[in-house]
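The values are calculated or read from the model by the stated rules, or taken from the named source; none is laboratory data. Since the structure is predicted, the reported quantities are computational estimates derived from the model, not experimental observations. No Cβ is skipped: glycine too gets one built from the backbone with ideal geometry, and neighbour counts run over all protein chains shown. Protein only, heavy atoms only, side chains kept; ligands, DNA and RNA dropped before computing areas. Shrake-Rupley method; radii C 1.70, N 1.55, O 1.52, S 1.80 Å.
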Amino acid sequence: MGQTKTANAGGVEWPTLGLILMCYLMWFAALWGLPPWAAIPGLAVLIALHSSLQHEAIHGHPFAAQWLNDALIAAPLTLIIPYARFKATHLAHHSDITLTDPYDDPETNYLAQDVWDRLPRMIQLILTWNNTLAGRLVLGPAIGTVTYLISEWRARSPAVTRGWMMHIPALIGVLVVISLSPLPVWAYFVAAYLGMSLLKLRTFLEHQAHTRASGRSVIIEGRGFFAFLFLNNNLHVVHHMHPKVAWYALPALYRSRRDHYLRRNDGYVYRSYATIIRQYFWRTKDPIAHPLWRR
């Protein structure tokens, strides 16, 4: 895996720290200052941004001390996912040799062929709809939550238990803050669902089945709203090759060696999220059963 100088090598990464503080301040402002019709979409964006910032913290930003990164960002604004478990599964996902593996990649969207074949027809139809972008945005948060909770229950390891035991008091704290605000709790639940839906746009085609590990991660070149919301994780093969590089350094790194990265990922590139929405909103991009994986 390629290496480059980490962005926090000289101390605090102020762009990341400032964005984290701004995200929390705007979250409180939305809870206390906006009516539900405005707070719901605003909070959805902030919840998605906070998840992107959690991803940054997992990779060592904004401080050199990882415990400080974890403490700063661990609040479960999405409500569902324990930060410690997100951290563990995401770092496991960065074993590029197992990317998209239906058993060994905890973030894969693929199933093994024999598992797919055994599913009831109704479940296959639901998952097929979920494999369109429209379905992923509407059903994806619910399906993802259910499958995630089932996988966590099946794991039941000491690490999983610790992660959930750390999550419970943090979740209670977030719920207490929400309940004390003027915003109805139901409105926050809707916002959390929409926030997870926004994140499903990022992960929809983030990885593809490919014989080479380096060919499995996408590049989406647009520099608009979604690139910022996802903190340039749309330049995904660059992130996988340089996971310690901060979000704000990724675009210049990509521009400096664009041809290199496109050779590395075998030209798996899209111009923008608008392109992806046009192409895949009503149709699937990939099969659900992994087309190359056999066991």
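A few comments on the model shown:
- At least 2 residues being under 29 Å from Pro169 (Cα atoms) and touching a residue at least 40 places away in the same chain (Cβ under 8 Å) is the threshold, and among the helices (runs of 4 or more DSSP H) wholly inside the range 30-149 those reaching it are 36-58, 66-73, 83-93.
- Among the candidates Leu194, Leu253, the residue that is closer than 26 Å to Glu13 by Cα, touching a residue at least 40 places away in the same chain (Cβ under 8 Å) and not in a loop (DSSP other than H, G, I, E, B) is uniquely Leu253.
- Leu111 vs. criteria within 22 Å of Ile80 (Cβ to Cβ) and surrounded by 16 or more Cβ atoms within 10 Å (Cβ to Cβ): yes
- The listed residue being in contact with a Pro (Cβ under 8 Å, 6 or more places away or on another chain) and surrounded by 21 or more Cβ atoms within 10 Å (Cβ to Cβ), out of Ala170, Ala191, Ala187: Ala191
- Apart from one condition, Leu235 fits all of (1) under 25 Å from Pro62 (Cα atoms); (2) open to solvent by 10 Å² or more (accessible area, probe 1.4 Å); (3) of a type outside the set (S, T, N, Q); the exception is (2).
- Verdict on Gly33 being more than 20 Å from the chain's Cα centre (by Cα), modelled with pLDDT of 95 or more, open to solvent by 40 Å² or more (accessible area, probe 1.4 Å) and on the phi < 0 side of the Ramachandran plot: yes
- Residue within the range 200-219 that is within 21 Å of Gly135 (Cα to Cα), of a type in the set (Val, Ile, Thr) and modelled with pLDDT of 95 or more present: yes
- Qualifying residue in the range 116-133 (condition: among the aromatic types (Phe, Trp, Tyr) and either closer than 22 Å to Arg283 by Cα or open to solvent by less than 20 Å² (accessible area, probe 1.4 Å) (or both)): yes
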